[in-house]
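We did not get these values from a lab; they are worked out from the coordinates using the rules stated. All values derive from a computational prediction rather than experimental measurement. When we count neighbours, we look across all protein chains shown, and the Cβ atoms used for this are built from the backbone with ideal geometry, even at glycine.
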Amino acid sequence: MLYQLYETQRAMLAPFSEFASASAKLYSHPLSPLARTPLSQRFAAGLDLMHRLAKEYEKPPFDIRSVQVDGVEVAIQEQVAIEKSFCRLVRFKRFTDVPEVLAQMKHHPTVLVVAPLSGHHATLLRDTVKSLLQDHKVYITDWIDARMVPASVGPFHLNDYVHYVQEFIRHIGPDVHVISVCQPTVPVLAAVSVLSSNGDTVPRSMTMMGGPIDARQSPTVVNNLATDKSLAWFERNVIHKVPSNYPGSGRMVYPGFLQHSGFVAMNPDRHLRSHYDYFLDLIRGDGESADSHRQFYDEYNAVLDLPAEYYLDTIRTVFQDFSLVHGTWEIDGQMVRPQDIERTALLTVEGELDDISGVGQTHAAHDLCQALADDQREQLVVEGAGHYGIFSGRRWREVAYPRIRAFIARHNPRVDQEQASDVTKRATPRRRRSDR
């Protein structure tokens, strides 16, 4: 019922949002006579803000068209490598007609970025992907909004998430390096653990960033909510049925709009101040700051629904039973044993000011991966960084990424220089080629 009420409210606000947008343009367009009236800038700014507060935010595109590789602009094309019911494995394929750069790119390490399935779309990691593309071949998990998946497809559990990660690792191959951001650190560690126990294909390294490996360490508001309420409370209060106007009609989900409300409720003063600053920027004509605000909130306000069974599994397994650290997590009759990981190097990254995954929660992975040698493990705390600062923004680009790049390079096979030279000789500038 709550989901249906939300959809009704959204439908009612849609015309108002469009009216506010059109009215804002009437007060701001240089050819409009209303733009010359007193207080026109304030009217335009207020109407624009109302439009953004009332509008619906759809999934934004990655929109990564090119990157710089060794000072050369390289074209980027998105390709779907694997399409599953709840996820697409997307590759950002690089193309260039410069022989030297092409030869260099062919020997770049391959990285699988496992994006969180926790409310926001994978595009939240756009800055992460763009940095990685300068020095790596990059794949990413692009999770599908559960309300767009027909109920006839069936449920999606946390164990299914683990199976997806395992399939993607096998598809890419044993030279892959896995980077997990926030929520997926737990299922990624489980996936690599089971692969290691079975002697299966394992990645060369795994980088875990700001995730709740051991949510008992430095508990945050998110952790406390999960432990203070029973699983039945979550099932009664946050699980709802997808309305009939979506392909996933009848599927039980944790709706994106509820998650978004929770995100905002964590820092209401910060968001209120940000919107007020946006209003002032519009009045002052500070287009650069206004565009920065729009870009951030276009991403932040775009949320997706989570399958109910997956969400409840995560609450129970990660935040209530602490199954991974207690050694009680079982997947298809097999125990998850991080102590069996011997060939996959481990780097953990935390933000000093992270208010979602507290300090120590991600580093706890080192205590679980007991078989790793000292030269196979590293830790990094990014000073002054909050949760988002460890994978986007200045601190990501200047502190976290250089460390991750060096870590991956250190655990990647050495490039055969003679082979690289042969590739350079065979390459031709007449036709743009990809990094394979």
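At 7 Å along Cα-to-Cβ for each site, give me the label-to-label distance between Arg42 and Leu2 in nm.
Each label point lies 7 Å from its Cα, and together they span 3.9 nm.
Straight-line reach from Lys93: which aspartates and glutamates have Cα under 18 Å away, leaving out those fewer than 8 places along the same chain?
Once the sequence-local aspartates and glutamates are set aside, what remains near Lys93 is Asp63, Asp70, Glu73, Glu78, Glu83, Asp127, Asp135, Asp142, Asp175, Asp435.
Need the list of lysines near Lys25 for cross-linking: C-alpha distance under 20 angstrom, and skip anything on the same chain fewer than eight residues off.
Lys55
Please give the calculated 222 nm ellipticity per residue for the chain, where each DSSP H segment of at least 4 residues contributes -39500 (n - 2.57) and the sum is spread over every residue; nearest 500 deg cm²/dmol?
Details: 16 runs with 175 residues, N = 436.
Theoretical 222 nm ellipticity from helices: -12000 deg cm²/dmol.
What ranking, highest mean first, results for peptides 318-331, 97-110, 5-18, 124-137 when packing means the other Cβ atoms within 10 Å averaged over each residue?
Working: 318-331: 17.6, 97-110: 19.6, 5-18: 13.1, 124-137: 21.9.
Highest mean packing first, the order is 124-137, 97-110, 318-331, 5-18.
Could you pull out which residues in segment 33-51 have an amide N less than 13 Å from a spot 7 Å beyond the Cα of Leu272, following the Cα-Cβ vector?
Hits in segment 33-51 for Leu272 at 13 Å: none.
Report the residues of segment 41-60 in range of a label on Ser21: point 7 Å along Cα→C-beta, backbone N strictly under 18 Å from it.
44-60
Pop out the Kirkwood hydrodynamic radius of the chain from its pairwise C-alpha distances, inverse of mean 1/r, in Å to one decimal. Display every interim value, and only then the final one.
Numbers: mean 1/r = 0.0427 Å⁻¹.
After inverting the mean inverse Cα-Cα distance, the result is 23.4 Å.
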